[in-house]
Structure formats: structure tokens, C-alpha cells
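A.B. asks: For reference, the structure I am asking about is given below.
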Amino acid sequence: MHNPSAVTTTQESGSVFELVAQMGGFAFNRAVQSINSNGLSFSRSDFLFFDSPVGLKTRRVNASLSLSSRSGFRSVWSEFNRTIRLHSERIPIGFASVQIGSGDNNGNNNIGSNDGNNTNGLRDDGCGALLDDGVRLNGVEGGSPKRVLILMSDTGGGHRASAEAIKAAFNEEFGDDYQVSVITDLWSEHTPWPFNQLPRSYNFLVKHEALWKMTYYGTAPRVIHQSNFAATSTFIAREVAKGLMKYQPDIIISVHPLMQHVPLHILRAKGLLQKIVFTTVVTDLSTCHPTWFHKLVTRCYCPSTDVSKRAMKAGLKPSQIKVYGLPVRPSFVKPVRPKGELRRELGMDEDLPAVLLMGGGEGMGPIEATARALVDSLYDENLGEPKGQVLVICGRNKKLTNRLLSIDWKVPFKVEGFVTKMEECMGACDCIITKAGPGTIAEAMIRGLPIILNDYIAGQEVGNVPHVVENGCGKFSKSPKEIAKIVAEWFGPKADELKAMSQNALKLARPDSVFKIVHDLHELVRQRNFVPQYSCAT
């Protein structure tokens, strides 16, 4: 047991600040683990261990971070911040190219040229806005299309799905008034190695639960992730700045927990916080990582009251928070076509009740084992006929698709690969089996499908299980046989339970959430149009 009342540092050579800047590696440990009423455990860390190889030697720093040792820790933190500020004050190439000054902490901008002109042909209009042949670089000008930049990363399919939903809603509601032509993976496309390997690292970590738990819960304390972002900014700020200025957006929308801190740090340093609307759309339904929240955002859109409470705890003001629900594809808002018609188009039996089995975009999980158990439970041996049918979505997993297609099933069995019209697949079925992904849950609720959750990712998806079960919208089980038994009962003696859960799901559904989000964004931009600093006409 370490002593939590003291801060102890040990190293062979060099300074602790040099080690933090290198951020070679870290792990976390704490002797306390909490288990909630649902049997889902989580742990948080206040013990930090750095291990950074330098040459042939290994430097180590052990630091127990405790509030009771405030003086020692404050001196370390103060010195660390001083070092990071020193590096961060360098103007990133992307902003230097348009001669934007460093600004102050309040977002006030200082143009880098005293005469309002620069070598790039850009000039100051006298009101703090840069002009290029009469077009404002901040984009806020009546009559011209507004530019929207959505920041995301392909760490799981939910972030891209939400980004695509927002893009589609802008197009439906405002047409050519908004240009949402770029949905960029900020880390992959605009950061150097090793930061551009983030999506690949995530896919590796989530397949190794212990490593993912260590990463997720270990970086949850503010002192850890803020220092990590500060150090990271030193290395990637220039590239990220170039990426942001390439698109010159009026609105920046983050749909990823790692897309707030670095971009906002850049915007604040360059005095652009009052010129660009920066918003966060949280895509985790219940439990979520603290990095989702940053006090400098214009707006934070939360999918549930649980998430809004976490935002308030993180220091956001009520005026910054809107609880609209999780953004889903606008196609889910359209009226549902009759089940018989949808089943006929999909090549399914028009009369038998149907269960939808999903494994996400990559077709992961025990899909084949669950499919076999479902077929056994949905075939009446006495009558020699099926009492239900199965629709399986295998995503991009072609091997699984081909394997399932090669089997001679005893009940009507339809196999699909990666589909783009999920609303039709859900509309053709009576219940769904899936892992606890927030997007799939939100879409299933809109379609009124009772949900059987068969897995979840530690951390961000843990809270989705009680969200579904405790609200009477479904059940949770990892056992293929138990899942098959539940479905057979729903299609037989417990049909009333299936109907009740369907009604509960519809009550929780928020089909218009994405439209509320884009209309609120439109209003924010409209308000910015009347800020005096954007017009010198008067």
C-alpha cells in the first residue's frame, strides 16, 4: 500500500517535467474498486506511474496524487503549466499563415500586422476580421453559405454515424445555406505519428478489456487528462491548426471526446472563440468519459439527463447545455412502412415474427453461436414448423456472411452484410439483439424494438445496460441459449411483455433530436451575425 498523504518522486536523472513532456508511457493503480448494483465494476486511479525509456536507461517517476499534499503538488503542477505555456505560445503554421495574433485568455484577438495588411494578400477590416477580396475569413457574413466542420475519429462506428446524421439534417433543413462537406478524422489526417494511430490503437485496446479499462479509467481524473492534452498540444498544435484553417469554419462540431481540448486550446490562443461557434455533441448515452466536457464550448448537446448532470459536474453552465437526445439518421423520422411490405422487399417471410441479430459494423461478437441457438428455439419440433424467423446483419465481416449463408437453416433465415438502410431492417423486425452501442439503442427505441443486450464495452457503454433494462425496454444476457429462450418466449407465451417493452421504448425515443441540434446551431450562427465586431458598415 502506498501512502496517499505524500507525494513521492524518484528518478535516476533528469527532471519530472522532461518526463511528462515525453509522455513515454503510463499506468495507473488504485486499491479501491467499486461495484454498482448491476454488478458492473469500475475503478479510478489517483496513483500515477511514468515509465519512459531514454537511451539504455529507464527513468521512472512514481507520484501519488493526493489533495492532502497540496503544496508539493501545486508547485509541480504550476511548473508543468509554465513549461507547456512556453511551448504552446508558438504560433501554429496554419494560423501564422493568415497573420492571426495570439490573443488573450478571453478570446480577444490581436492582428499580427499594425497596418492591417500582410504578405498573403489578407487585410484587417478594422474590426478584427480578416478580409480576402471582400470575403470574411471567419465566414460570418449574411448571404454566403456557412461552413460547418465536424471533428471525429473512427474509434467505433457511433461517432461517424452521428456525424453523418448531423450532415444529413443540415442538408435537409437548410440546403445550400450550409456547406457540410468535410467530416474529418482529425487525428488520422492532421496529426503526426504516433498520434495519427489513434483509431488503430483504440481497436486494439477494446479487444483487450484489461488494457482498455486501465486506459479509460486511468485517464478519467482531470489532473491526468488535462496534463496529457497539454503535453499533446505541444506536438500537434501546428498540424491541427493547419487543418482547422484549411476549412475556415463558422461552426465546429465535435462528436468525439478527444476533439475538444486541443482545438479549443488553439482557438483560445488565437482569439477565435468569439468568431467560431464550437459545440460538442456527446454520443455516449449514459456513462461517458470526462474528456467530453470543456468549459469553453459554446454549446454541449447531451443525449440524456444523466449526461447533462455529468456536464454540470464538469463545470459547464446550464446555458451551455441542451438535452435533445442522441442524433440519429433523419431517415428514422420518416413514417414506418408496413412490416409485411418491408419483409417482402428483404426476402423475408411476411407473417412470422422476426428477430434482428446485429454485430456492429465489423460483425463482431458471438453472432454464429447466437444464431444457432435462435434457430433451435424458434423451431417447433412437435409441429415440424418454424414459429419465428431471423435477420442477421454481419457488417463488413465477409467471412461470417459467407459462413452463415452456407448453412441450411430450419427456420427462415436472412443474412445481410453492411447495410445503409438500417431503418428498414429494424422496421421489418419485432425485437433486436445487439451490443450496448448508444446509436443502435437510440435507433431501436425510435422503431419501438425491445432490446436484448449481449455485450458492452467497459467504460462508455456500461451505463447503457441499466438505461435499457431499468426503463423496461429490454434485457441483458451474454448467454446465447438464454437470449434464444427470451426471444422464443416473446414470440410465444410472453407476447404481452414484448408489447409492453415496445411501448416503453417508444416513450424514451427522441426521433427529432438531430433536427433540434441543427436548428439550435443555426440560431447560434444567426446571433453571431449581429455581433458588432463583424460589421463596420455603421
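The values are calculated or read from the model by the stated rules, or taken from the named source; none is laboratory data. This is a predicted model, so every value here is computed, not measured. Note that we place each Cβ from the backbone using ideal geometry, even for glycine, and neighbour counts take in every protein chain shown. Each accessible area value is taken on the protein alone, full model and side chains, heavy atoms only, with ligands, DNA and RNA left out. Shrake-Rupley method; radii C 1.70, N 1.55, O 1.52, S 1.80 Å.
A.B. asks: Output the residues belonging to the range 484-499 that are of a type outside the set (Gly, Ala, Ser) and open to solvent by less than 30 Å² (accessible area, probe 1.4 Å).
C.D. replies: 486, 487, 490, 498
A.B. asks: In the range 260-279, is there at least one residue being aliphatic (A, V, I, L, M), within 18 Å of residue 439 (Cβ to Cβ) and out of contact with any Gly (no Cβ under 8 Å at 6 or more places or on another chain)?
C.D. replies: no
A.B. asks: Another question about this same structure. Tell me which of these residue 523 doesn't satisfy, since it passes every other one: (1) open to solvent by 50 Å² or more (accessible area, probe 1.4 Å); (2) modelled with pLDDT of 95 or more.
C.D. replies: The single condition residue 523 does not satisfy is (2).
A.B. asks: Could I ask something else about it? If the requirement is being surrounded by 24 or more Cβ atoms within 10 Å (Cβ to Cβ), farther than 23 Å from residue 512 by Cβ and not charged (D, E, K, R), which of these qualifies: 255, 240?
C.D. replies: Only one candidate qualifies: 240.
A.B. asks: Take the residues in the range 186-213 that are buried (at least 19 other Cβ atoms within 10 Å of the Cβ) and touching a strand residue (DSSP E or B) at 6+ places or on another chain (Cβ under 8 Å), then tell me which one is modelled with the lowest pLDDT.
C.D. replies: Ranking the candidates gives 190 first.
A.B. asks: Continuing with the same structure: What are the pairs with Cβ atoms under 6 angstrom where one residue, in the range 232-251, is within 13 Å of residue 267 (Cα to Cα) and among the basic types (Lys, Arg) and the other, located anywhere, is assigned to a helix (DSSP H, G or I) and modelled with pLDDT under 75? Sequence gap at least six, or different chains.
C.D. replies: 238/93; 242/93; 242/94
A.B. asks: Identify, please: which residue in the range 285-306 is within 17 Å of residue 514 (Cα to Cα) and out of contact with any Gly (no Cβ under 8 Å at 6 or more places or on another chain) and is, among those, most open to solvent (accessible area, probe 1.4 Å)?
C.D. replies: Here the answer is 305.
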